[in-house]
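Reviewing the structure listed below.
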Amino acid sequence: MTYTSPKAVRSALLAATALLAFLVPAPAQAAPDPQGAADSDQWLLLGVDQGETRTGTTSGSLLLCDPPQGHPRAAEACEELAAADGRITGIPARDTYCPMVYAPVTAHVRGQWRGQPVEYTETFPNRCVMEARTGSVFALDGP
């Protein structure tokens, strides 16, 4: 017979609840206005997670485009977005060779561009493919 203490059960339930809170997407709501974005109608909250789904990690970057700031390659990212009218899928794919290694990454964005709400999530087979298709927008590690 195996004995499980109430403390162990309570800890397991707490851990499961916390994990579930990060994995289940929140219901659609109006995007919050991050501090510093109040004066701009072009701001994007960017993030990249390892794996095929959003993991709820807090790493990311706030890209402001008037003037470009808050992102390691803000000027380039803002230029690319302006040329694509704020559509990440409209950024021309860069001609490059990427390894055929499956190490998925999920890119996600929430914000607004010229007053219009922006929501974007896409999973790529690896970081190289993501950067080839999205330009500087998700280059959150710097130049």
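The values are calculated or read from the model by the stated rules, or taken from the named source; none is laboratory data. Model, not experiment: these values are computed from the prediction. No Cβ is skipped: glycine too gets one built from the backbone with ideal geometry, and neighbour counts run over all protein chains shown. Ligands, DNA and RNA are excluded from the accessible area calculation, which covers all protein heavy atoms including side chains. Shrake-Rupley method; radii C 1.70, N 1.55, O 1.52, S 1.80 Å.
I'd like to know if the stretch 75-96 contains one or more residues that are part of a strand (DSSP E or B), under 18 Å from residue 47 (Cβ atoms), open to solvent by less than 80 Å² (accessible area, probe 1.4 Å) and among the hydrophobic types (A, V, I, L, M, F, W, C).
In the first step, residues of the stretch 75-96 are kept if they are part of a strand (DSSP E or B); the result is none.
The answer is no; no qualifying residue exists.
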statement: Condition set within 14 Å of residue 49 (Cα to Cα) and in a strand (DSSP E or B), scope the stretch 111-138, selection most open to solvent (accessible area, probe 1.4 Å): answer is 121
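Residue 107 - would you say it is in a helix (DSSP H, G or I), of a type outside the set (Val, Ile, Thr) and within 20 Å of residue 122 (Cβ to Cβ)?
Working: in a helix (DSSP H, G or I): no; of a type outside the set (Val, Ile, Thr): yes; within 20 Å of residue 122 (Cβ to Cβ): yes.
So residue 107 does not fit the description; no.
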- prompt: Taking the stated definitions as given, is residue 141 in contact (Cβ under 8 Å) with a residue 60 or more places away in the chain, out of contact with any helix residue (DSSP H, G or I) (no Cβ under 6 Å at 6 or more places or on another chain) and either open to solvent by 70 Å² or more (accessible area, probe 1.4 Å) or not in a loop (DSSP other than H, G, I, E, B) (or both)?
  reply: yes
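Identify all residues within the stretch 97-110 that are small (Gly, Ala, Ser) and either surrounded by fewer than 19 Cβ atoms within 10 Å (Cβ to Cβ) or free of Cβ contacts under 8 Å to residues at least 60 places away in the same chain (or both); write none if there are none. Spell out the reasoning first.
Of all residues in the stretch 97-110, those small (Gly, Ala, Ser) come to 103, 107.
Across the stretch 97-110, the qualifying residue is only 103.
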query: If you check every pair at least six apart or on different chains, which have Cβ atoms under 9 Å apart with a residue in the stretch 62-78 that is farther than 19 Å from residue 48 by Cβ first and a residue that is in a loop (DSSP other than H, G, I, E, B) and open to solvent by 60 Å² or more (accessible area, probe 1.4 Å) second?
result: 66/39; 66/41; 75/67
